[in-house]
Structures are given as structure tokens and as C-alpha cells.
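Below: the structure, in C-alpha cells.
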Amino acid sequence: MRPITFTALSTVREALERPAGGSAYLAGGTTLIDLMKLEVMTPSHVLDIRRLPLRGIRRQSDTLVIGAMEHMSDVADHELVTGAYPVLAEALVQSASPQIRNMATIGGNLLQRTRCGYFRDTTTPCNKRAPGSGCPAIDGENRMHAIFGTSDACVATHPSDLAVALVALEASVLLRSRSGERSVRLDDFYRLPGSTPHQENQLLPGELVMGVSVPALSWARRSTYVKVRDRRSYEFALTSAAVAVDVKHGLIADARVAVGGVGTKPWRLSGVERALKGRPMRQDTFESAVARAADGARPLSHNGFKPALLRRTIVRALVKLAG
Amino acid sequence: MVTSSPGRSVDRVDGAAKVTGAAKYAADNRLPGIVHGHLVTSTIARGTIRSMDVRAARAAAGVIAVYTPADPLRLLPPQNPIIQIAGEARRPLQDREVRYHGQIIGLVVAETFEQARDAAALVRVTYRPHGDPLRASFAEAARDAVIPDPPWSQPVYFRADGVTPIDQALANSQVTVSATYDQPPKQHNAMEPHSAVAMWEGGRLTVYSGTQGPALHALEIAEALGVDKRNVHVISPYVGGGFGGKVVTWAPTLLAAAAARALGRPVKVVTTREQLFTVTGHRTEFTQQVTLGASRDGRLNAVKHEGVSNMLIENPTRVVGELYDSPNLHLVTRIATMDVPKTTIMRAPGYEAGSFALECAMDEMAGELGMDPVELRTKNDLTTSYPLPEASERLPFSSRHLKECYQVGARRFGWSRRRAEPRAVTDGDRLVGMGMASGVLPASQFVAAARVRFRANGTVNVASANADLGTGALTALAILGADSLGIPVDRVKPALGTSLLPVNWEGDAMMGAAGSAGTTTLASAVHTAARDAIKALIAHAVAHEASPFHGMDTEDVHYERGVLTAGAKSTPFGRLLTTTRTGGIEATTVAELKEEADRYAFASYAAYFCEVRVDRWTGEARLSRMTTVVDAGAIVNAKTARSQIVGGIIMSLGQALLEDARLEADTGRIANANLADYLLPVNADVPPLDVHFLDHPDTNYNHAGVRGLGELSSVGAAAAIANAVYNATGVRVRQLPITPDKLI
């Protein structure tokens, strides 16, 4: 047996005072418990933070602040989210299943681990799970894997839909440790795998995700999340696109485009945003703007379709916003 | 007595037990002193086990025993050919060879499930890989595939003039289409995992284990353990899905029984969801080539259908022989040999894959001819059976209403609104297409035994050693009993699901609910047993001194609707038995099949009409509506029959759009061996499904007029969806599943 200690915490201070070595915070549990059963994650100490006061979905001046312990389902339904940030609500309701969304939290969603089958199977090598052991996905089963941000050590896709929408909205993650609080742009929070794919983000030992802040973006009312997948529900993205447009007098004044299912982290496409700006909100604009969306992509043996599907996914989102 | 009431819908007799959780499935049984076994599986596909270090496992808390090839539980190999083909000819732990990735190489038994699972993870194995190349690529294995020895999957060369080679007959045809169709391996993974609780008392073994045939299960367990079959008692009242995956006995049940004997304690083994992908059988991968030749007016002249599978009885080439009249047939199946987990029977073996290829090819032919797909099929509808190797003479069909299926289906669906040219209909950014296909399933029924027992409380027990896989067989049995005896359904107490019930140990009936023969088999068995039980009841009535019919001639006493009458005297059987102080009168009989069953050809039929919507940007294809019309003889219970058809269609939706076991050619490992990555349809994928039953009781087949339908809607429905995708997009996808990447 792998003995663990299980401690239910009630304050943030308690959570931060706990020793970091071999410990894991338990929020919704939809990643941690799953991966503990597979022995992919083997913490010695499980710190239950479900009672921590990290709830709340509120507007602070112009910014939307979401507590780390809010459930995905509650955020998806919230009036501050559905009206002002449809892309967020849509990304959430297209994630997982209702049962999982009722359990999983916003903080946990951002820290969820990849669905790469080799990462999840302890009988195979994986540089993310066992650094230096190798990456069978590069020459193995890689239909669902990334085409952006990959390295010779890892090609695992970042699985979160929510994170893609938040990157499009230039959201930040709020972190706290014993030495204080800091805010990190989500786009910067995630690291590329490089030669250290086991280091997935900027979270320091002993640091806790407190919440997420989403800056005001009035034109995010015109935003959407398109998720392309083999089956209609309860499935990760082949490709996805979080898109917002600011349309004035028929012209695109500004745009945000981030994509999922294709990157080792949520992938912002600033080039597509630039190509849309100043152009009419029309299909021909969309198609020319995405022409170079997949430049620099490195498709693998089973996912050669992803560059084309990605371009079409972005167009689909823009067509939806135009309609 | 003819049962013909397709509207009749009877609630499941065990519905309340199932929805309240009162129904006990195999793994729900907790016995005093029970211990738990957990399987250890191989992490290579081919080689020899060099060493298994079990010291840590043996030393772990709660561990009672660790069995390995070095310290095995002895299991004897199977004798029955069906088990050798559909099950594992080599039982696990009997040698050190690894033949596929995920093979059972150990069993850890501990006081608790968690202890067993934990200790199993502590077993350290080293292997010596074999030098010869791994045969895990189907495409490569297919090149070396061979036509099997008789009797399985034999070729058919049927020529109009007896001499013209098929390629010449095709060359002589005015129009030909030819294409290759592929489909990946698919997994069983029924809701209830394979699991067993085994307990010995003296020399007698009781096994709780989900099975399609309690008798065959008992026989196979007895053979594997070297004991008399009458000392093995299988209890399987509820089964969470069979689909062919629980016809033969898989190793977890055998190991539970063997460990229970070795340890002298009850043992439970539950296969994990991930282990089910490899330690129980799956459906083979297929490649098929179909070439059709026809005249310009759409009459088939030649059909060449060649297929390769990795399972001896998965013969995909026979579908045309049940559907279409062609003077020339060339049907050849080759069997490939691979180092992959065992292939087994799965819903509509041969017909599921074969119908996909043939019915897509027919759609391609209709397009080539510029003919409506319904018209092409109607024009080629078979009128008498082919003289195939299994049936040396042409037989008339007993009751074939496939054309009516087409007509009724087309009308209900609105087929006339279909535009023949692809990409002609859009709805916003979705391309809308319509497709259709035929379905067919040869009928089968087994000679089973049943018992009918009249009881003094006015009820009747009806029993047979068959199984209810979740299909509603128990309810069907009650209905068949009620119809045979002319009494209300709620006065019949049906029983299935143990090997202690009446068994015919001769022939195929031991397989129980297999080959869509569950209801047909029960129909004949119950009819015969009811007849004999009525005879026994009348004999009792005239013989017993307290009976009002005492001393009469049996021919003067008549049974009707639960009541005995003779002249002016009339007594319900319950009152008679109360009067005579008799608990019950019964007959146990082996079914007598109707003579007509040998004089005709029998099959069930379906026509599918469906609509799909394909996102023009992303290539996501979704089924939006579907009409299915079924000709399966009399329908015993419309409610559960509809569930069978709907279940098969959802399975076909998975076949068409989703299911894809991803086998790594270099390792033999299934890369998506879990239900998150192996995609099955979810509710959001399934639109409302219209199912309509024709009402043509087939009383040549049995007195109830029923043919099978359990597997029917796994035949052809996937082709209807693929044909609709083509109609929507103009893209003909011949490699399943039809995923977005294939449509952009």
C-alpha cells in the first residue's frame, strides 16, 4: 500500500504553512484522484482545500475575478460570465461531462494534466511523468497530440478548454505563497515542454492558485468557443478556437484568437488577430486571415490533418460570430 | 398459438429490481470469508517470461496467494471447437509464453480488493522477447491471410453457367463499381465487466458469473477444472450486456474457480475496465474488397466480395447471399494470424462488417447508374435462397418482407425529399445528407429444454437454463408462457440464468442467448413444455380422487385459458391443485421444432433511412434522425424489441463515426484501452430514433411466429450513415470511423 496522509484544511494560511514536499492539494479531485488510481501521481500528503474560502464570482472595478474553488458548472452559468464573456461559458459547457463540471474547480481545471495515453500508462516511458525515460508518442499513437510548442522530449497537448478561452481574454492567474501574492498572465504561466516537460507552469513549491482575473473587454460580448471533436460531448478537442471580435461599421477593429487541441499550452494566434484587424467582417477576410494560422506547426504521424482543421475551426468561429 | 400483436408493450418483470439496485449481478455477491483476486497482465506482446519477482507482493499486507506460470493454478484446455475459436485455446498461467500485450500472467489473491490490487502492482516481471517480427499490423498480416480449412468461412463460387470466371462475368457487366472498405478492431466492454464469485462446498462448485449461456458456462468451467459438469452450478440471473462477449468463459472466471478450490475460500475476481480490452475478446479488424457488376437497368450480374478478418467465424462476405439476386457470386474470406489479444464473437459476426462494405458498394452502384438506392435494392431483391455450401438446395423464403420495409421506411422517413446529387442540401453551415441501407440476419433457433409448472396458487413457473443479457428475455419468457397457456402475463413466474434449470446438453442450446436465438429458442421450448404440462395436468385431473374430473377419460377433459373443462364441469388449474392438495404439476421437455423449419429459408430484415448533418467547416458528422423498419416475424414485446433495435443502431453509430481500437503495430499495445479514449456514442450523439415493426408472424419457424432480432440492427445501419455522409458531402469514406479529419 502507498500510505498517504489526508488533511482537511480550512484556511489559506494553513494551506500555505504545510510542507510542500510530496504533497498535493485536493480541490475537485477529478484529476488528482484519477491519476492517483493510475499511480501517475503518487503524493504522500493530500491536502484537502475544498473548505477554503476561495469562492466567489464577482466584478472588482472592471475586472472579473473568479475564485479558484468555484466549480466549472457554476461559472458556466453565472450571469457575469454568460453575458460579458460567452467564450468562457461556452468553453466550460463543452468541457468534460456535467458530473465532472459539478465537481471540478477553476483552479484545478487550469492545472489539469495532459490526456496523453503514455503519460497515463506507467508501463510506458514518458518524459513528463518520469523525466529522461523517453517519449513514445513522437513515433507512437499521436492523433490527439500537439503540433505547436512541441519538443523532442514531449508532444503532449494541453487539455484545458477554459485555459484557451482565458488566454484569448488575456486573463491572469492569482497566486499566493507565504511570501505574498502575485499575478501572472496565464499565457506566461504555462511553460513549453522543452527538455523539462515535467515542469508545466510557473507555480512555485508551496504556492496556491487563489483565482483568476479576467480584464474588462467590452467587445468580448461578441465571442465564442468552437470545439471540434470526434463525438459530440465528453471528449477532448481535436482542435478548438476561442475567438472574440470588435466589429465597428462592418470592419474588424480588434480581435482575439487563441486555439486549443494543438498546443503543448493554450496557443494565442496574434498573427491571425493582426490579419483580421481593419478588414470587413466577411468570410473572405476570415479565410485569408487564417491562411498562415498553422505556420510553424510540426504535425506528427497521425495528426497531419490538424493544420487544415485548425484553420477551418477558426473560420467556423468567425462565421458564427458574423452570423 | 400465434402471437401477433406488435403494439403489445410489457414492462420488464425485473425492471423494478434493476432500477432500485436490488438486482444482484455476479460481483454484487458477498459471501462470508470471501477473498479477492486481481489480475497481473503482460506489458509486452510476444516473448517468454524470464522471471517474475513476487516476493514484495507475497509480503504485502493481506496477501494470501500469488499465482504465476511458475506457481500456477492448473486449467485444462478447452475441448469444444466453438470455445477454441471464440475463446482462448491456451489457458493463462499454463506456460511462460506471452502471446499478446495485456495477457494474464498472474493472479494475486488478498483479503481485500485494494490489497490484491496493490500487491499486483508490486509484481516485477522480466521478459525475453522473441526474435521474430511481431505480427501486430493488420495490413501486413492481411497479406499472409489464408482461406481456412473447412468448415468455417468457406468460399463460395457460384456461377450462372458453371464456368465463367468471376472477373470475366464482371467484365461482361455494363456497369461496375469496385472499392476497398476497412474497419478497425472494436471492443466489447459491456456495462458489466467480466467478473466472478466462486465457492466450493465439498466437491461442488457454485459460480456467480455473468454469462450468455449458464449451461455452456458450467460445462466449460467443469472441463477447465477437470470436474463433472453436474458439480458446477452457475448462477447468473442478471447479466449487464453480452453481445457475444459472454458466450465463452474468459479466464477471470476460471481463475476465480481454481483459486477458490486451492484456497478453500470463496474468491471474487473482477476485471478492470482497462483489462477488459485485452483479457476478454474483441471484434477483429477487417479489410474488404467489393466489386459489383450490373446491367445498365440495375440488375446485378456479378458480385465479387473478398474479405480478411482475424477471427475464423467473422466471415463478412455472406451478406449478399441473403439480400440480392446475382447469377454470379465470388465470396472469399481469408483469415489473418496476429499477435494481438483474442478476437471473439461480437454482435452479428461477419454481417456487421460485411453489410457495411456491401451496402456502401450498392450505394456507389446506385450513384453510378443514376438510380435511386431503394429502387436498385428492390430490383435485386432475392426471391429464393442461394444453394450455398450450408444449404444444398434452393429454398423458398418463409416470410420475407424486405420490400415492404423499404416502402414503409421511405414513407415514414420522407425519402422522396432526398436529392440524389451530393452537397445539394444545406442548413446554415451544415451539409445535410440522406442515406439508406438494408439489414438482414439469418434466423436461428436452438433445441432447448424448458419446464412448465402449474401451481396451486394459480401461477405458473416457466424456466429454462437460458439468460437475460439485459435484453428483456425474462419478460419475453413470461409472455411466451402466458401465450402458450392462455393466461395473463402476471400469472407467469419466469426463471432463467442458472445451470440448474432445464438444460439440453446436446447441441447448441447450451450457448443460451447467442446468435439472436434467445427468444426463438425459448418460444419452441416453452410451447413444447406447455403442451406436455397441460397433458400432465389433465392426467392428474382424471387420476386424483379429490378431482372433479376423477375417473373421466383424458380425451374428455380440455384445457383452455387456465381452466379445465369437461362437459358442464369447469375448474381453474389453481383450484384443482388446491382441491387435490398438490403443490404443482409440471413437465420438463426438450423442444420439438416445427417440420416446416426445414422446408424454408428464414431471415429477419430491416431497412434504414437516415439523415446526417456535417459541419461544412469542421467536418463533424452527426446523425440527426433515423427511421428503421423491421420485419422479424411476430414481436413478443414491442418495448424491449425496440430497445434491442435502438441499441444496435447506437452501436452502429459508434461503428460508423467513433469506435476505433488503436493498436500499436510495433508493440501490440492497444493505445486507447480505456473508455475515455476509446470512443462510444454518448447521449448527445443519439437523435430520436424511429423504429417500426412490420406484423408478419412467421409460423413456419415456430408456433409463436418469431424470428430473432437482437443482432439485426448491427447489420447495415452503419452503411446507411456512411451513405448519408456521402450524400451530404460528396466524400465517400470507406475507412471507418468517419471522423472530421476524413471530411475536410
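The values are calculated or read from the model by the stated rules, or taken from the named source; none is laboratory data. Computed from a prediction, not measured in an experiment: that's the story for all the values here. Neighbour counts run over all protein chains shown; Cβ positions are idealised from the backbone, glycine included. To get the accessible areas, we keep the full protein, side chains included, count just its heavy atoms, and leave off ligands, DNA and RNA. Shrake-Rupley method; radii C 1.70, N 1.55, O 1.52, S 1.80 Å.
Details
- Set B:PRO494, B:PRO502, B:PRO488, B:PRO548: member being outside the structural domain of B:PHE602 (by TED's automatic domain parsing), under 21 Å from B:HIS703 (Cα atoms) and open to solvent by 40 Å² or more (accessible area, probe 1.4 Å): B:PRO488
- Only one of the listed residues (B:ASP167, B:ASP149, B:ASP118, B:ASP182) is more than 31 Å from the chain's Cα centre (by Cα) and either more than 14 Å from chain A (Cβ to nearest Cβ) or open to solvent by less than 20 Å² (accessible area, probe 1.4 Å) (or both). That residue is B:ASP167.
- Residue list for segment A:294-323, filter: surrounded by 19 or more Cβ atoms within 10 Å (Cβ to Cβ), within 11 Å of chain B (Cβ to nearest Cβ) and among the small types (Gly, Ala, Ser): A:ALA317
- Residues that are without any contact (Cβ under 8 Å) to a residue 24 or more places away in the chain and of a type in the set (A, V, I, L, M) within segment B:560-616 comprise B:VAL563, B:ALA566, B:ALA568, listed in sequence order.
- Looking only at segment B:371-394, and only at residues there that are out of contact with any Asp or Glu (no Cβ under 9 Å at 6 or more places or on another chain) and among the hydrophobic types (A, V, I, L, M, F, W, C), the one that is modelled with the lowest pLDDT: B:ALA391
- Hey, B:LEU653 among the hydrophobic types (A, V, I, L, M, F, W, C), within 23 Å of B:ARG418 (Cβ to Cβ) and part of a strand (DSSP E or B) or not: no
- Hits in segment B:447-476 (condition: over 19 Å from B:ALA587 (Cα atoms) and touching a helix residue (DSSP H, G or I) at 6+ places or on another chain (Cβ under 7 Å)): B:ALA467, B:ASP468, B:THR471, B:GLY472, B:ALA473, B:THR475, B:ALA476
- In this structure, A:ALA291 does not qualify as among the aliphatic types (A, V, I, L, M) and either within 14 Å of chain B (Cβ to nearest Cβ) or within 26 Å of B:TYR678 (Cβ to Cβ) (or both).
- Residue in segment A:133-155 that is open to solvent by 10 Å² or more (accessible area, probe 1.4 Å) and without any contact (Cβ under 8 Å) to a residue 12 or more places away in the chain present: yes
- Segment B:329-351 - residue that is more than 25 Å from B:ARG90 (Cβ to Cβ) and open to solvent by 10 Å² or more (accessible area, probe 1.4 Å) and, of those, farthest from the chain's Cα centre (by Cα): B:HIS330
- Hey, B:GLU220 open to solvent by less than 10 Å² (accessible area, probe 1.4 Å) and acidic (Asp, Glu) or not: yes
- Breaking point among (1) away from chain B (no Cβ under 14 Å); (2) charged (D, E, K, R); (3) touching a residue at least 24 places away in the same chain (Cβ under 8 Å), for A:ASP188: (3)
- As a summary of the residue check, B:ASP695 satisfies the conditions (1) more than 22 Å from the chain's Cα centre (by Cα); (2) more than 14 Å from every other protein chain (Cβ to nearest Cβ); (3) at pLDDT 95 or above except for the one numbered (3).
- Residue ranges of strands (runs of 3 or more DSSP E) in segment B:225-294 with at least 2 members more than 22 Å from B:THR41 (Cβ to Cβ) and of a type in the set (A, V, I, L, M): B:232-235, B:286-294
- Across segment B:562-616, the number of residues qualifying as open to solvent by less than 20 Å² (accessible area, probe 1.4 Å) and within 14 Å of another protein chain (Cβ to nearest Cβ) comes to 3.
- Boolean, A:MET210 is under 28 Å from A:LEU54 (Cβ atoms), touching a residue at least 60 places away in the same chain (Cβ under 8 Å) and not small (Gly, Ala, Ser): yes
To keep it simple, each residue is scored yes or no on (1) open to solvent by less than 10 Å² (accessible area, probe 1.4 Å); (2) closer than 29 Å to A:LEU16 by Cβ; (3) at pLDDT below 95; (4) part of a loop (DSSP other than H, G, I, E, B).
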position: A:ARG59; (1), (2), (3), (4): no, yes, no, no
position: A:SER73; (1), (2), (3), (4): no, yes, no, no
position: A:LEU80; (1), (2), (3), (4): no, yes, no, no
position: A:LEU92; (1), (2), (3), (4): yes, yes, no, no
position: A:GLN99; (1), (2), (3), (4): no, no, no, no
position: A:ASN102; (1), (2), (3), (4): no, yes, no, no
position: A:ARG115; (1), (2), (3), (4): no, no, no, yes
position: A:PRO125; (1), (2), (3), (4): no, no, no, yes
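- Count - residues of segment B:33-63 that are within 14 Å of another protein chain (Cβ to nearest Cβ) and β-branched (Val, Ile, Thr): 5
- Condition met for B:VAL629 (β-branched (Val, Ile, Thr), modelled with pLDDT of 95 or more, crowded, with 21+ Cβ neighbours inside 10 Å and under 16 Å from B:LEU694 (Cα atoms)): yes
- Within segment A:262-293, the set of residues being in a loop (DSSP other than H, G, I, E, B) and either at pLDDT below 95 or open to solvent by less than 10 Å² (accessible area, probe 1.4 Å) (or both) comprises A:VAL262, A:PRO266, A:VAL290, A:ALA293.
- For segment B:698-744, a residue qualifies if it is within 14 Å of chain A (Cβ to nearest Cβ) and open to solvent by 30 Å² or more (accessible area, probe 1.4 Å), and the qualifying residues are B:VAL731, B:GLN735, B:ASP741, B:LYS742, B:ILE744.
- Taking segment A:229-253 as the range and being touching a residue at least 40 places away in the same chain (Cβ under 8 Å), open to solvent by less than 10 Å² (accessible area, probe 1.4 Å) and either at the interface with chain B (Cβ under 7 Å from one of its Cβ atoms) or over 18 Å from A:ARG143 (Cβ atoms) (or both) as the test, the residues that pass are A:LEU238, A:ALA241, A:ALA242, A:VAL243, A:ALA244, A:VAL245.
- Qualifying residue in segment B:665-685 (condition: at positive phi and within 14 Å of chain A (Cβ to nearest Cβ)): yes
- A search for C-beta distances below 8 Å between a residue of segment B:59-88 that is within 17 Å of B:ALA116 (Cα to Cα) and any residue that is open to solvent by 30 Å² or more (accessible area, probe 1.4 Å) and of a type in the set (Ser, Thr, Tyr), counting only pairs 6+ apart in sequence or on different chains, returns B:GLY62/B:THR112.
- Flag for A:VAL212 being crowded, with 21+ Cβ neighbours inside 10 Å, away from chain B (no Cβ under 14 Å) and at negative phi: yes
- Single residue of B:ALA634, B:ALA641 found to be farther than 20 Å from B:PHE243 by Cα, more than 10 Å from chain A (Cβ to nearest Cβ) and crowded, with 22+ Cβ neighbours inside 10 Å: B:ALA634
- Qualifying residue in segment B:722-742 (condition: in the same structural domain as B:TYR608 (by TED's automatic domain parsing), farther than 23 Å from B:PHE356 by Cβ and out of contact with any strand residue (DSSP E or B) (no Cβ under 6 Å at 6 or more places or on another chain)): no
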